[in-house]
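Participant: What follows is a single structure, and I will ask about it in a moment.
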Amino acid sequence: MASSKLVLVMCFMISVFGIAIGAKFDQEFDITWGDGRAKILNNGDLLTLSLDKISGAGFQSKNEYLFGKIDMQLKLVPGNSAGTVTAYYLSSQGPTHDEIDFEFLGNLSGDPYTLHTNVFSQGKGNREQQFHLWFDPTADFHTYSITWNPQRIIFYVDGTPIREYKNSESMGVSYPKNQPMRIYSSLWNADDWATRGGLVKTDWSQAPFSASYRNFNANACITSSPSSCNSNTTTSTSSSWLNEELDNTSQERLKWVHKNYLVYNYCTDSKRFPQGFPADCLQNS
């Protein structure tokens, strides 16, 4: 607990709390690439990305965050989405970057999307878990959330936890805690690997492919000037993510997801790790 408190003190020294509820995309994000294939619509309430044979598109948050709870509603590419990837993630920059990933790997019509998750710390990832979903993510909007605090990272889908990644620094494993991260999202062609390991290619006759975003919420520590910053106090409700952990009901939901929808877990891939599983698998399997 002492180390957690120290990290929180560091967070408060360089950050202020920000709460963006139902935030406008034009106020919170910059479109970064795509040459018109990213559009902010409905007075800032809706953002769409499209992909054709020439290019995809992407955007990033104006703010950087150091811990927080991030929610975004997405409606994914419908129909034959094989070869496409819709990425939604937190990341810092540089060769020793930190990153927390949601990636949605498209598939042939009628086959399920694969939800790919990963956690990078100090440039090292290889902590993949992949899931199928218990609904059609193209038929309507669904909420994908990340809670990131000094103790753990929790991935949620519509409020149901699908993955918990715990801080394993006591085992010599680095953890994302010092590098502020922006939110990034993109829609792009990855048919060299995305669907069945690259066996199924993108059908460009189905283009343009489109994904939609709405209801972005951030309850998070927003980094400001590295030289000085004042801290704002928050209510216990608004900052509850700082110490969030899974209660018994949430743990049962997590077990349900893993029993029925987990399709890949690096912590059970003995062929990949013949010399033994990574140390963080001891508490993150």
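The values are calculated or read from the model by the stated rules, or taken from the named source; none is laboratory data. If you're wondering where the values come from, they're calculated on a predicted model, not measured in any experiment. We place every Cβ from the backbone using ideal geometry, glycine too, and count neighbours over all the protein chains shown. Areas reflect the complete protein model, heavy atoms only, side chains present, ligands, DNA and RNA absent. Shrake-Rupley method; radii C 1.70, N 1.55, O 1.52, S 1.80 Å.
Participant: Quick check on my filter: what residues within segment 197-210 are crowded, with 16+ Cβ neighbours inside 10 Å and more than 25 Å from residue 36 (Cα to Cα)?
Facilitator: 200
Participant: Right, here's the next one. Does at least one position in segment 121-129 carry a residue that is open to solvent by 40 Å² or more (accessible area, probe 1.4 Å) and touching a helix residue (DSSP H, G or I) at 6+ places or on another chain (Cβ under 6 Å)?
Facilitator: No: zero hits.
Participant: Which of (1) of a type in the set (A, V, I, L, M); (2) in contact with an Asp or Glu (Cβ under 8 Å, 6 or more places away or on another chain); (3) without any contact (Cβ under 8 Å) to a residue 24 or more places away in the chain does residue 207 not meet, given it meets every other one?
Facilitator: So residue 207 meets the others, but not (3).
Participant: Could you tell me how many of the residues in segment 180-212 are assigned to a loop (DSSP other than H, G, I, E, B) and of a type in the set (S, T, N, Q)?
Facilitator: Residues flagged as assigned to a loop (DSSP other than H, G, I, E, B) and of a type in the set (S, T, N, Q) within segment 180-212 amount to 2.
Participant: Kindly evaluate residue 219 against the criterion of being part of a strand (DSSP E or B), farther than 18 Å from residue 116 by Cα, open to solvent by 20 Å² or more (accessible area, probe 1.4 Å) and at pLDDT 95 or above.
Facilitator: Details: part of a strand (DSSP E or B): yes; farther than 18 Å from residue 116 by Cα: yes; open to solvent by 20 Å² or more (accessible area, probe 1.4 Å): yes; at pLDDT 95 or above: no.
Answer is no for this residue.
Participant: When both residues are 6+ apart or on different chains and their Cβ atoms are under 7 Å apart, which pairs have a first residue that lies in segment 17-41 and is at positive phi and of a type outside the set (D, E, K, R), and a second that is modelled with pLDDT of 95 or more and open to solvent by 60 Å² or more (accessible area, probe 1.4 Å)?
Facilitator: Close Cβ pairs (under 7 Å, with a partner that is modelled with pLDDT of 95 or more and open to solvent by 60 Å² or more (accessible area, probe 1.4 Å)) amount to 22/215.
Participant: When residue 183 is evaluated against the numbered criteria (1) of a type in the set (A, V, I, L, M, F, W, C); (2) at pLDDT 95 or above; (3) over 17 Å from residue 266 (Cβ atoms); (4) open to solvent by 10 Å² or more (accessible area, probe 1.4 Å), which criterion, by number, is the only one it fails?
Facilitator: Single failed check for residue 183: (4).
Participant: Specify the residue that is surrounded by the most Cβ atoms within 10 Å (Cβ to Cβ); the eligible residues are those in segment 45-57 that are among the hydroxyl-bearing types (Ser, Thr, Tyr) and in contact (Cβ under 8 Å) with a residue 60 or more places away in the chain.
Facilitator: 50
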